[in-house]
Structures are given as C-alpha cells and as structure tokens.
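Notes follow once the structure below has been shown.
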Amino acid sequence: MKSYRKELWFNTSSRRDYINITGDVEKCLKESGVNEGVCLVNAMHITASVYINDNESGLIQDYDDWLEQLAPHEPVTHYRHNRTGEDNGDAHLKRQIMGREVVVAVSDGRLDFGPWEQIFYAEFDGRRRKRVLVKIIGE
Amino acid sequence: MKSYRKELWFNTSSRRDYINITGDVEKCLKESGVNEGVCLVNAMHITASVYINDNESGLIQDYDDWLEQLAPHEPVTHYRHNRTGEDNGDAHLKRQIMGREVVVAVSDGRLDFGPWEQIFYAEFDGRRRKRVLVKIIGE
Amino acid sequence: MKSYRKELWFNTSSRRDYINITGDVEKCLKESGVNEGVCLVNAMHITASVYINDNESGLIQDYDDWLEQLAPHEPVTHYRHNRTGEDNGDAHLKRQIMGREVVVAVSDGRLDFGPWEQIFYAEFDGRRRKRVLVKIIGE
C-alpha cells in the first residue's frame, strides 16, 4: 500500500472565500503515484470546509448568501462561543453545513469525477494562515 | 489490495426523488470480493446526494419538506446561479445539507451497518440520466 | 493491509448530548497498530452524528440551539415520521446537518489533526444504548 500526505496552505484577504483547489489535489495525486485508492481532502481548521460542487461564480455567491442567512455573522453577541473573545461563532456553524472533508475515488491514476465536480476550500474565518490536508492511500 | 469500481445509473421521473440503493451496493460488495476495507458511495453529479438514513416514507417526506423550506425551488430568480440558464440553484444547496458521499466500513464481507442504516440516492434535479460511483478498496 | 474494528457504546441521560470521543479513537488507533492509513468513525444509528469541531462548551450550546431552530423537536406532530409512533423526527433531520461520519488521516501512527480538531459523538435521541463504529485500515 502506498501512502501520501501533503498540506496546502491558504491566507485569504477576506473573512469568507471559496477557492478551487482541484488542480492542487490533482498535482498531489500525480506526486503520490497512486493508481487505485482513495483521496481524503479535509480542512485542518474548524471554521473552514472542503466541499465538492460547481465552479460557477453565481452559485458561490448563492452559497455565501444562504450560509449567512442560516448562520449570520452579526450580531456576534448572538453566539455563546464568542464570549471566549472570538467573533467566529458563525463560522463554526457554516462549516457544518458545507462539511469538513471529501473522499474522492482514485481510478486509473485520476480523481474519479463526474462532469462538473470540483473541489473547493471554503474559508469562513480567514485573514490568517490556515491549511488543508491531502491524504492518499492505495496502490 | 483489491480495488473495485462501478457506476449506478438513475433517471427519475420527477425533479426530486429518494431511492434506496442499499441492495445495489451490497451486490457491488459481493462482486468486489473485498472482506475488510472501506466502501465509498458518492453522487457523481453536484445536484444530488448519497446519504444514510431510515427507509421510512414519512421521514423521506419530512426531508423533502424541510429541504424545500431551507432552499426553496421557487422563485427560480432568487438564485444567481439560475442566471446561467439553469433552474436548479436550489438543488445545489439541498445537496450540501444531505451530503455528497458516504463511506461505509466493510467487515467480514458485509457493509458494517447498524440496525436501520440504509443508503439512499437523493435526486434534486432529475428527469435525466445521472449516476453514482461505488468504489471499494481493501482485501 | 491491516484492518481494525471497534464499537464504542453510549447511553446518554438526556435526549441530546455531545460527547468528546477523541481519546477513545486514539486508543483504537494504538490498538490497531496502523501507522499510515485512514480512520473512519461513524454513528451506527440514524438519529446521531459523528463530527469534528471545537471542544468549547459555548460552541456546543450554540450548535444545540441552532439545530433546535433548524429542526425543532416540538410540536412532534409536525413530522410525518412521528406517525409511526416515534417522537424523533427532528433527530433524523439534525443528524443530516452534523453528518454521519468523519474520515481522519492516520500519519506516523497518529490521528493527523489540525490544532483544534476533536471528534464528537452527537446524540439527538438518547436515553438508550447506542453505538459508534471505528474502522481503521492501512499499514
């Protein structure tokens, strides 16, 4: 069994951001030399997500509006978590909607994707260095 | 390490549908010959989900009502994504609640399930041919 | 390839509860002898979740309030599922927000975590014996 590990680092300029990391993960897969297996991609921070969906700017804005409606940032005093001195209570909730991780099949040396699947890093409390883990196992 | 891959195809007659695919995945597992490992089942389309829950018709109707309340189909002009000519903006949101994939343990040649776990394909933008990927790795 | 399986059992005294199981999973990993691979942790029941987030009591209360707002327990007659004699319709919905499972990378014999990642068992219909599956594969 082969095993591969890499961290991808991000530092977004805004609080929330959505970054297409499909190319980065494909590069990892090539480096891993794995032909058949699974590829785990997860946020290593608890106020960010990794998810798979469409690379379409309108949709990304729809997600952002919807998450802000389901778990608004303001008022920050709404969240008990923010009594610890944080202002990111909403980010912990948004991340649960979008998910922590994706597991992608690796077949014939490729990410085994349908026609529109793209991997995104979703940042809900950015403006600092944060990272994603790529772990690939197989043969 | 053994590795197995199969696509399951669907074409629902209504926009939204919920299909129990547990039997199909069990058939895949038998074909794979894997006794110990993991089984990934994921939607290959970004307006559909694979999830695990109860095979109870009232619950499925509860899910459908709830998702429609959290991300209503109408008015279709509500979603920026629909400016691309689509009318499935809601489906991309519903899919994030229900999830893209499940990973199921394989133990002793069986899907290692609790008493009520069943795998469902949830379609949020149907009436066309779409598919699910089953990937099994192990020994 | 090594393969390891263990069930963790719970019986919460209240309907809803959030239990940090990171230490239990670390113990499993040690027992497994796996150095490189993946660790799947999933609820075996369909009214409970396994998720990864912060071990902070305010946040846990925020999650509980938010889930109750998105899928309230009362009135129990609101849910068609409850016509079967159950009163846990809300629990099936809450579980979809928080997720069924997590997949954690195993690197160098450790759960490969970011600084604040902790694994939680979230119970939404407790006061009876229920369980979580830990499955580890790798080498």
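Taking the highest mean first, how do the peptides C:48-59, A:105-116 order by number of other beta carbon atoms within 10 angstrom per residue?
Numbers: C:48-59: 21.5, A:105-116: 16.6.
Per-residue mean Cβ counts within 10 Å order the peptides as C:48-59, A:105-116.
For A:N53, what residues show an amide H to amide H distance below 5 Å, using hydrogens built from the backbone and excluding near sequence neighbours?
A:Q118, A:F120
Rounded to a whole number of µm²/s, how large is the Stokes-Einstein D of chain A at 25 °C and 0.890 mPa s, given Rh as the Kirkwood radius over C-alpha pairs?
Working: Rh = 15.7 Å.
Translational D for this selection: 156 µm²/s.
Each residue of the range C:97-103 in turn: what ³J(HN,Hα) in whole Hz from Karplus with 6.51, -1.76, 1.60 and θ = phi - 60°, glycine and Pro shown as x?
Coupling constants for the range C:97-103: 5, 8, x, 8, 8, 10, 10 Hz.
Per-residue counts of other Cβ atoms within 10 Å, averaged by peptide: what ranking do you get for A:94-100, B:69-75, B:2-8, highest first?
Details: A:94-100: 23.3, B:69-75: 14.7, B:2-8: 17.0.
Those peptides, ordered most packed to least, come out A:94-100, B:2-8, B:69-75.
Over the whole of A:103-109, what's the average partner chain Cβ count within 10 Å per residue? Rounded to a whole number, please.
Numbers: counts 12, 6, 12, 4, 5, 1, 0.
So the per-residue partner count for this stretch is 6.
Among A:34-40, C:26-32, how do they line up from the highest to the lowest mean number of other beta-carbon atoms within 10 Å?
Numbers: A:34-40: 21.4, C:26-32: 16.7.
In descending order of packing, they fall as A:34-40, C:26-32.
Per residue of C:34-40, count partner chain C-beta atoms within 10 Å of its C-beta, then hand back the mean as an integer. Let's see the in-between values first.
Working: counts 0, 1, 7, 5, 11, 0, 6.
Partner-chain Cβ atoms within 10 Å, mean over residues of C:34-40: 4.
Which of the lysines could a cross-linker bridge to B:K94, judged by Cα under 30 Å and excluding same-chain residues fewer than eight apart?
Within the straight-line limit of under 30 Å, B:K94 reaches these lysines: A:K94, A:K130, A:K135, B:K6, B:K27, B:K130, B:K135, C:K94, C:K130, C:K135.
For a footprinting-style exposure proxy, rank B:E101, C:E139, B:E86 by other Cβ within 10 Å, fewest first. Each step should come with its number before you reach the end.
Details: B:E101 23, C:E139 15, B:E86 18.
Ordered by Cβ neighbours within 10 Å, fewest first: C:E139, B:E86, B:E101.
Put the label 7 Å from Cα along Cα→Cβ for B:E139; what are its distances to the other copies, in nanometres, shortest first?
When each copy's label point is compared with this one, the spacings are 1.1, 1.1 nm.
Net charge within 12 Å of A:M98 by Cβ-Cβ distance, Lys/Arg positive one each and Asp/Glu negative one each, not counting A:M98 itself? Could you put the intermediate results ahead of the total?
Details: positive: A:R16, A:K94, A:R95, A:R100, B:R95, B:R100; negative: A:D64, A:E101, A:E123.
Result for the local shell: +3.
Mind listing the label-point distances from C:N11 to the same position on all other copies, shortest first, one decimal in nm, points 7 Å along Cα→Cβ?
Reported distances to equivalent positions: 5.3, 5.3 nm.
Just counting partner chain Cβ atoms within 10 Å, what average do the residues of peptide A:129-136 show around their Cβ? Display every interim value, and only then the final one.
Values: counts 0, 2, 1, 1, 7, 1, 9, 2.
So the per-residue partner count for this stretch is 3.
One decimal, nm, shortest first: give the distances between the label point of B:E68 and those of the same position in the other copies, each label point 7 Å from Cα along Cα→Cβ.
Label-point distances to the other copies, shortest first: 2.9, 2.9 nm.
Any idea what the alpha-carbon Rg over 2.2 N^0.38 Å comes to for the protein assembly as shown? Could the numbers behind the result be given before it?
On the way: Rg = 19.8 Å, N = 417, 2.2 N^0.38 = 21.8 Å.
With N residues counted in the protein assembly as shown, Rg over 2.2 N^0.38 Å equals 0.91.
No value in this document is a laboratory result; all are computed from the given coordinates. Model, not experiment: these values are computed from the prediction. All Cβ positions, even for glycine, are placed from backbone atoms using ideal geometry, and neighbour counts span all protein chains on display.
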